Amino acid sequence: MKFLPFEYATRNLGRSPMRLVLTVFGSGLVVLLIMIASSFMIGMQTTFAVSGSDQNIMLLGAGSVESVERSEVAMDTAGIVAASINGFRKHAGIEGVSPEVHIQMPIQVDGEDRLVLIRGVRPEAFLVHDQVQITHGIAPRNGQNEMVIGKLAATTLGYIEANHAIGSQIKLDDDLYTVSGIMSSGGGIIEGEIWTSLTDLLITSQRDTLSCIIVALDSAKKTELQMFAASRIDLELAAISEEEYFSALANFYKPIEIIVVITCAMIAFGGMLGGFNSTYAAFASRVREVGTLQTLGYQRGAIAWSLVQESVLSASMGAAIACTISIFLLDGFAVRFSMGTFTLSMTSGVVALGIGSGLLLGVIGAAAPALRCLRLPIPEALRASE
């Protein structure tokens, strides 16, 4: 079978510049939305996956294992746990028992209120959460109204570079806090949080209970914590590993992922229909041209292949533009949700999906108009008006 030269398809792209622009825009929009939805899911799942440790056990208020923010634990419980169970992680005489308060509070930065997750901690928290590192500045000191900000939290607060936040004043309720440092946690959910001194946060929030106690295991076992929680009915505790907690949290947010995917799919479907309509209009008006090519000896399969090449070329341009935007503008874009912040992750798999989607759009978009052009007999096609 004799095929049309590839240059034939490329020259046809310039026959109608406006139509080409619309086709490229439509395919690019579809590919961009597919990549955003995919990176949203990957970013959220990755954040939850690296956030928990099976060696860290959370002691929460009974009945509040699904939300640490709603949990309440008595202030003296941390000391009771440390005295009752041996085998926690130790370093330089500090035992890995971290009493913490997790609370969402509005903070004021440059006159603008933002709701963020704030965690009140003691120095032991950095032993328990050993993945957390202070990359710039120092840890918050007790009684100094200081706080360290996760690098993603700094981005959502409007700082171009996270370390630019150091030394700035942040109003928390009616108290002024100074940013003393920036922390990272290997992409975990902590990077979207703000940490401050437990005592200072208790005073500012006027709270007299903890949210949880997190312990780091060494020789101790998870079952010991579970038996302790079950036997000390007066403390009203429940024990769950961080890994299990964040896994349950990921399942809780699964409907949000589904909604995002459905929304992007609906918008993409609308854009795809618009692109198909533009392609159909471009090809259906060339019935006489197709008839002429058949009289010159080109078989219908060769003509259909040339039309597919033309459609794939225009769709590929849109996919290339969408991939460029995604990689250089959207990769690492911070998305805030109730538990913190995660980033869109434009992995190689997401880019491959985008490119593949663009090629598929080109093939599917050419199918219907190609059939429309080729199904007519040659005499009828030659008599067709442009």
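Computed with a 1.4 Å probe over protein heavy atoms only, the accessible surface of the chain comes to 47 Å² per residue. What is the angle, in °, between the Cα long axis of helix 242-252 and the longest principal axis of the Cα atoms in the chain? Nearest 10 is fine, range 0 to 90. Between the helix axis and the principal axis of the chain, the angle is about 40 degrees. Among bridges DSSP assigns within the chain, what percent are antiparallel (round to 5)? For the chain, the DSSP antiparallel bridge percentage is about 85. The residues packed around residue 314, meaning those with a beta-carbon under 14 Å from its beta-carbon, carry a net charge of +2 if Lys and Arg are +1 and Asp and Glu are -1.
Measuring only protein heavy atoms, the 1.4 Å probe finds residue 171 accessible over about 80 Å².
Counting only alpha carbon atoms, the long axis of helix 222-231 and the longest principal axis of the chain meet at about 60°.
Largest to smallest in accessible area, the residues 199, 77 fall in the order 199, 77 (1.4 Å probe, all protein chains included).
Pull out a ≥ b ≥ c, the square roots of the eigenvalues of the alpha-carbon gyration tensor of the chain, then state rounded if a/c is under 1.5, prolate if not and a/b is larger than b/c, and oblate in the remaining case. Working shown, then result.
Values: a/c = 3.86, a/b = 2.82, b/c = 1.37.
It comes out prolate by the Cα gyration axes.
Each peptide in 313-322, 37-46, 66-75 receives the mean, over its residues, of other Cβ atoms within 10 Å, and ordering these scores from highest gives 313-322, 37-46, 66-75. Between residue 292 and residue 247, the C-beta separation translates, for a Förster distance of 56 Å, into a calculated FRET efficiency of about 0.30. Highest average first, the peptides 361-369, 247-255 ordered by how many other beta carbon atoms sit within 10 Å of their residues are 361-369, 247-255.
For a test of the definition: using alpha carbon positions, the gyration tensor, and the 1.5 limit on a/c, classify segment 121-167 as rounded, prolate or oblate. Oblate is the answer for segment 121-167, as a/c is 1.5 or above yet b/c matches or exceeds a/b.
Heavy atoms only, probe 1.4 Å: what % of the accessible area of the chain goes to carbon and sulfur, would you let me know?
Accessible surface attributable to carbon and sulfur in the chain totals 60 percent.
A crude spin-label estimate for the pair residue 347 and residue 4, with each label 7 Å from Cα along the Cβ direction, gives 4.1 nm.
The values are calculated or read from the model by the stated rules, or taken from the named source; none is laboratory data. Source: prediction; values computed, not measured. Cβ sites come from the backbone with ideal geometry, for glycine too, and all protein chains shown count toward neighbours. Quick note on the areas: whole protein, heavy atoms, side chains included, nothing else; ligands and nucleic acids left out. Shrake-Rupley method; radii C 1.70, N 1.55, O 1.52, S 1.80 Å.
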